[in-house]
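The values are calculated or read from the model by the stated rules, or taken from the named source; none is laboratory data. Owing to the predicted nature of the structure, the values given are computational and were not obtained by experimental measurement. Ideal geometry is used to build each Cβ from the backbone, glycine not excepted, and the neighbour counts take in all protein chains shown.
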Amino acid sequence: MSADTRPLLHTPLHALHLELGARMVPFAGYAMPVQYPAGILAEHRQCRHEAALFDVSHMGQLLLKGADAAAALETLVPVDVIDLPLNKQRYALFTNAQGGLLDDLMITHREDGLFVIVNAACKDADLQHLRDHIGRRCEIVTMFDRALLALQGPMAVHAIARLSPGIETLTFMTGGFFDVAGMACYVTRSGYTGEDGFEISVAAADADKLARALLAQPEVKPVGLGARDSLRLEAGLCLYGHDIGTTTTPVEAALTWAIQKVRRPGGAREGGYPGADVIGKQLAVGALTKRVGLVGLERAPVREGTVIVDRDGHKLGVVTSGTLAPTVNQAVAMAYLPVDHAIVAHEVYAEVRGKRLPMRVATMPFTPNRYYRG
Amino acid sequence: MTTKFTTDHEWINIEDHDAAVVGITLHAQDALGDVVFVDLPAVGRTFAKGEIAGVVESVKAAADIYMPVSGEVVEINEKLRDEPALANTDPLGTGWFFKVKISNMVEFDELMDGPGYDALLKTL
C-alpha cells in the first residue's frame, strides 16, 4: 500500500454530498461520493431511466489558448485537432514513445481556446506533459478549481432545458456557453454513461447552487462514482488505469476509431505524435492482443485481475474491468485477449475461486448507447 | 436461542441440536452495498473454523464468508442464490447463508455475544 497521507481534497460540492448522505471514499486524492443512500443499483437504474447528477469536479479542466494551440496539441495526440469545428468535442489520447497511453481526454473547440478535460489521477502529470512539450507554443490555463457536473440519462434534457431554454438544440459531442439557472456555464452534450446527457463546467462558487437547482428537477437524483463505473462499463467505455494505460496502444485497446484518417499513415498530417511509429505499424498490420467485451454464461461477477484461459487452461489474458451489469443482468467484463481469440461469440473461461466460468466474447457496448445526434 | 458474532461480521445462531444458521450482519450488508451474487458452499462439505466457506458480492466488491466454527454444512439457502438482495433486505432472517453442524461447541461459546459485537462496531 502506498503511504500517501496527504489530506483528501474536497470538490466544491463536498458539503452537499454530506448533506445528501453520501458515502465518501478516497479517489485520486479527493473525497468523492461512491454512493448515496439509494445505493448503487438504484442509482444505476436512475441514470438508465430518468436523470442522474454526478459530481466529476475532481477531473482536470484546462484551456489551451493561442493560434498555434491545435497544431501544438496534435504533437501529443494521434487525433485531428486542427480541423475540429468550433463547439465540437472529440475524444483523444495522450501517447507515449512506445505507443502506450498516458491518459485519455476530451477536447472541445471553444471560442476562447481548446477546452481539455483529463482524468483526475493524471491531471498533474498531464499538465507537466503539456508544459514540457507545448508550453512555448500556446498558453496553458489550468482551471482545476472549476466544478464539473454531469447530468446523464434519458430525461436529462428535459431537466436542464427547464433551467436553460434552448440548450436542447445541442447534439452529441457539441458544446456551448449557456446560462443554467442563471449561472454562466460551458456545457457539452456528452458523458460517460452511454446515455444522452450533459457535462457542465461551472465556477466553483456557483457549483452548489447549480447542483441544487438541477436536483430540484423531478427527474434528477444524485448518483455516485460506484454507479458511474457500472454505467460506463455497460457502455463499453474505458477507464484509464484499468482498461487502458501506459502499456496498451490505441490499436490493442480497440480505440482506432479515435484516430482520424488525416493522422494515420498516408494521411495529410500523419504521425508526428509520440509512438507514431508503433501505432502506425499496428494500424497497418494489427496488434497481437485486443481489448474485448466478455459476457458471462453464469451469474458470478468476473472482476478486474481475473485470469482468462482457453478450454485447455492456457492463460489468454486478464480482466481489466468487470462486474454484474445491473441493466443487462449478466456478468460483463473487458479483457485483453490474443487476436485469434478476440472473435465475437468465441468461448473462453474465467478462473474464479478455482472454478472455470464460461464467458463469450461480445460486442460492446453491452447496453445500446442512446446519444442524441439530432 | 443464542446468536453469536464474528469479527468478520457474520452471525451464527443455534437453531436446534443439529444445526446452526449462518448469515452476515446488518453492518456487513451495509458496508457491502447492494448484494448481486452469493457463492454458497456444497452441502456435506466440512470446514475448519476460519476457512472460506462462501463469497458475497455487491456491484462494487466481493467479500469472503468465513466459517465461524468448525463443522459440516448441512443446508444452504437456495432462495438467497436466486434473490441475493435478501442479504440486504433481511440479513438476519430470510437472507441467511447456510446451516452448519457444529463439531466443537467450545468454538461457538468463544464467539462474541450481541453486546460484544456492538462494542466492536463502535470501534470501527
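The condition of being farther than 28 Å from residue A:101 by Cα, within 14 Å of another protein chain (Cβ to nearest Cβ), free of Cβ contacts under 8 Å to residues at least 24 places away in the same chain and surrounded by fewer than 21 Cβ atoms within 10 Å (Cβ to Cβ) holds for residue A:354. Among the residues that make up the range A:77-94, is at least one of them within 14 Å of chain B (Cβ to nearest Cβ), touching an Asp or Glu at 6+ places or on another chain (Cβ under 9 Å) and over 30 Å from residue A:249 (Cβ atoms)? Scanning the range A:77-94 turns up no residue that is within 14 Å of chain B (Cβ to nearest Cβ), touching an Asp or Glu at 6+ places or on another chain (Cβ under 9 Å) and over 30 Å from residue A:249 (Cβ atoms).
One residue stands out in the range B:61-103 among those that are among the polar types (S, T, N, Q) and away from chain A (no Cβ under 14 Å): the one that is surrounded by the most Cβ atoms within 10 Å (Cβ to Cβ), namely B:77.
The residues of the range A:1-34 that are touching a residue at least 40 places away in the same chain (Cβ under 8 Å), within 14 Å of another protein chain (Cβ to nearest Cβ) and part of a loop (DSSP other than H, G, I, E, B) amount to a single one, A:22. Restricting the range A:112-149 to residues that are free of Cβ contacts under 8 Å to residues at least 40 places away in the same chain and outside any helix (DSSP H, G or I) leaves a set whose member that is nearest to residue A:200 (Cα to Cα) is A:135.
Scanning the range A:270-329 for residues that are in contact with a Gly (Cβ under 7 Å, 6 or more places away or on another chain) and within 12 Å of chain B (Cβ to nearest Cβ) yields A:301, A:302, A:303, A:304, A:306. Pairs linking a residue in the range B:10-39 that is within 11 Å of chain A (Cβ to nearest Cβ) to a residue that is assigned to a strand (DSSP E or B) and among the β-branched types (Val, Ile, Thr), with Cβ atoms under 6 Å and 6 or more positions apart or on different chains, are B:35/B:56; B:38/B:56; B:39/B:55.
Conditions (1) closer than 13 Å to residue B:97 by Cα; (2) at pLDDT below 95, marked per residue:
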| residue | (1), (2) |
| --- | --- |
| B:6 | no, no |
| B:10 | yes, no |
| B:14 | no, yes |
| B:18 | no, yes |
| B:22 | yes, no |
| B:29 | yes, no |
| B:53 | yes, no |
| B:72 | no, no |
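Checking each residue in the range A:288-316 for being within 14 Å of residue A:352 (Cα to Cα) and either surrounded by 19 or more Cβ atoms within 10 Å (Cβ to Cβ) or basic (Lys, Arg) (or both) picks out A:296, A:299, A:300, A:301, A:302, A:303, A:306, A:308, A:315. Restricting the range A:334-373 to residues that are touching a helix residue (DSSP H, G or I) at 6+ places or on another chain (Cβ under 8 Å) and not hydroxyl-bearing (Ser, Thr, Tyr), the residue that is nearest to residue A:239 (Cα to Cα) is A:334. Among residues of the range A:222-233 that are away from every other protein chain (no Cβ under 11 Å) and in a helix (DSSP H, G or I), those with a Cβ under 6 angstrom from a residue that is modelled with pLDDT of 95 or more and surrounded by fewer than 24 Cβ atoms within 10 Å (Cβ to Cβ), sequence gap 6+ or separate chain, pair up as A:232/A:192. Whenever a residue of the range A:35-55 is within 14 Å of another protein chain (Cβ to nearest Cβ) and of a type in the set (A, V, I, L, M), its partners that are surrounded by fewer than 23 Cβ atoms within 10 Å (Cβ to Cβ) and part of a helix (DSSP H, G or I), lying with C-beta atoms within less than 9 angstrom and at least six residues away or across chains, give the pairs A:40/A:229.
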